[in-house]
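Some notes on the structure that comes next.
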Amino acid sequence: MQVTARLAPSPTGLLHIGHARSFLLAWLNARAAGGRVLLRIEDLDATRSRPEFIESCMEDIAWLGLDWDEEPHLQSSRSTELLSIAERLVDEGAAYPCVCTRKEVREASSAPHLDGRPVIYPGTCRGRFQSIQEAEQQTGRRPTLRFRCPEDEVHISDLFQGEATLHPLKEFGDFPIASPDGQTSYHLAVVLDDDYQGVTEVLRGDDLLSSCGPQAALQAALGIERPTWIHVPLVLDEHKKRLAKRTDGLSVRTLREQGHCPRDLVGWLLSASGLGHEGPTAPEDAIKDFSLSSLSRSAILIPEGFPGVSG
Ligand code: GLU
């Protein structure tokens, strides 16, 4: 089967060097296998997504020298279908309406949640209502839809990270698949759109590794085949902090505006990733010898005074 990869930016800010690096690796890995690369704009969050960031994402990706096949897919264009699948999961008993507020969930959860790990929903509304309508009528609240997570272990396999066995009830619990205002959750939207677009390979930063459990559970419930997962180490700033969406010198836009050459950035990203190519490199020139087998296991640290690329 032909490899189909995707670049899936959320248009909530400017792309940074970490996005550039995962998009570059996703693109190279697919192109080296003679595969397709699709672009999906993850714009379901209407309060945070902005049209100008849709444009800057596309310009920045093209500036790096990465192309994509087919028209870009806007996730919001399928928001009605996505929500109806969430509702269907409720009808089938794989999900249920939950009227707990965030505060109630936090208070009812017995697990400590001091270390940034997700709060595990204690299952208060599991089996409480027959339908979404009943939940609304009985409580006057619009419900969140929650996936009923499986009791059994889930086995995960990642091309770069290896194998893992997860215990859904302990590790992620009944997670939301749609919010009370009808917005499908990230996990459900990604799983459905990867399937819709025929994606066979998902290469992304390892900050999303914890998504594999919920996404694998959804794929099983929906009868969707899992893509190949490849979670790569992150790019960190000089203080070893994750790069958030940003407007400073570590955004691709700033490098562009300062007149830096994309081939310098691509060459630097490849050599910092342990993939050779010292010096300026166009992505297409790196396809021939590309292999993830020498990809460095550690995060890339951006040195102080970056960009060390010539202007
Ligand atoms: N849109 C997500 C992000 O920008 C990526 C989602 C994914 O690759 O699954 O972080």
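A few points about this structure:
- Couplings for region 277-289, taken from phi via the Karplus curve 6.51 cos²θ - 1.76 cosθ + 1.60 with θ = phi - 60°, read 6, 4, x, x, 9, 8, x, 5, 7, 9, 5, 4, 9 Hz in order; Gly and Pro are left as x.
- For region 126-136, 3J(HN,Hα) computed residue by residue from phi via the Karplus equation (6.51, -1.76, 1.60; θ = phi - 60°) reads 4, x, 7, 10, 7, 7, 4, 4, 5, 4, 5 Hz, glycine and proline entered as x.
- Rounded, prolate or oblate (a/c below 1.5 giving rounded, otherwise prolate when a/b exceeds b/c) for region 1-152 by Cα gyration tensor: prolate
- Gain on full stretching of the segment that runs from LEU301 to THR124 - 0.36 nm per residue minus C-alpha separation: 59.4 nm
- Highest-fluctuation residue, GLY198, GLY35, GLY223 considered, GNM on the chain with Cα pairs under 10 Å: GLY223
- Relative contact order [Cα under 8 Å, 6+ residues apart], region 31-185, whole percent: 22 percent
- Report summary: the helix-based calculation at 222 nm, which adds -39500 (n - 2.57) for every DSSP H run with n ≥ 4 and divides by the residues of the chain, gives -9500 deg cm²/dmol.
- For CYS149, residues with placed amide H under 5 Å, excluding near neighbours: ASP174, PHE175
- Length added when fully stretched, SER291-GLN138, from 0.36 nm per residue minus Cα-Cα: 49.4 nm
- Rule-of-thumb Rg ratio for the chain [Cα; 2.2 N^0.38 Å; N residues]: 1.06
- Residue among GLN258, GLN75, GLN183 with the largest mean-square fluctuation in a Gaussian network model of the chain, springs linking Cα atoms under 10 Å: GLN258
- Per the chain, cysteines lacking a partner by the 4.7 Å Cβ criterion: CYS57, CYS100, CYS149, CYS212, CYS261
- Built amide H within the under 5 Å cut-off of LEU7, gap 5+: LEU38, LEU39, ARG40
- Residue among LEU15, LEU145, LEU159 with the largest mean-square fluctuation in a Gaussian network model of the chain, springs linking Cα atoms under 10 Å: LEU159
- Charge tally around ALA108: other residues with Cβ under 15 Å, Lys/Arg +1 each, Asp/Glu -1 each, net +3.
- Solvent exposure of the chain amounts to 48 Å² per residue of accessible area, where only protein heavy atoms count and the probe is 1.4 Å.
- Counting only Cα atoms, the size of region 165-311 along its three principal axes is 50, 35, 28 Å, in decreasing order.
- For region 127-195, averaging the sequence separation of C-alpha pairs within contact (under 8 Å, six or more residues apart) and dividing by the residue count gives a relative contact order of 28 percent.
- Each residue of region 33-49 was assigned a 3J(HN,Hα) from its phi angle through the Karplus expression (A = 6.51, B = -1.76, C = 1.60, θ = phi - 60°), giving 9, x, x, 9, 10, 10, 10, 10, 9, 8, 10, 5, 7, 5, 7, 10, 7 Hz with x at Gly and Pro.
- Dividing the mean sequence gap of close Cα pairs (under 8 Å, 6+ apart) by how many residues the chain holds gives a relative contact order of 21 percent.
- Taking amide H as placed 1.01 Å from N in the peptide plane, ILE300 has its amide H under 5 Å from the amide H of LEU234, VAL235, LEU236, each at least 5 places away in sequence or on another chain.
- Rolling a 1.4 angstrom probe over the chain with all protein chains present gives an accessible area of which 48% lies on carbon and sulfur atoms.
The values are calculated or read from the model by the stated rules, or taken from the named source; none is laboratory data. Owing to the predicted nature of the structure, the values given are computational and were not obtained by experimental measurement. A quick note on method: Cβ atoms are made from the backbone with ideal geometry, for glycine too, and the neighbour counts reach across all protein chains shown. The protein model used for the area step is the full one, side chains on, heavy atoms only, and it has no ligands, DNA or RNA in it. Shrake-Rupley method; radii C 1.70, N 1.55, O 1.52, S 1.80 Å.
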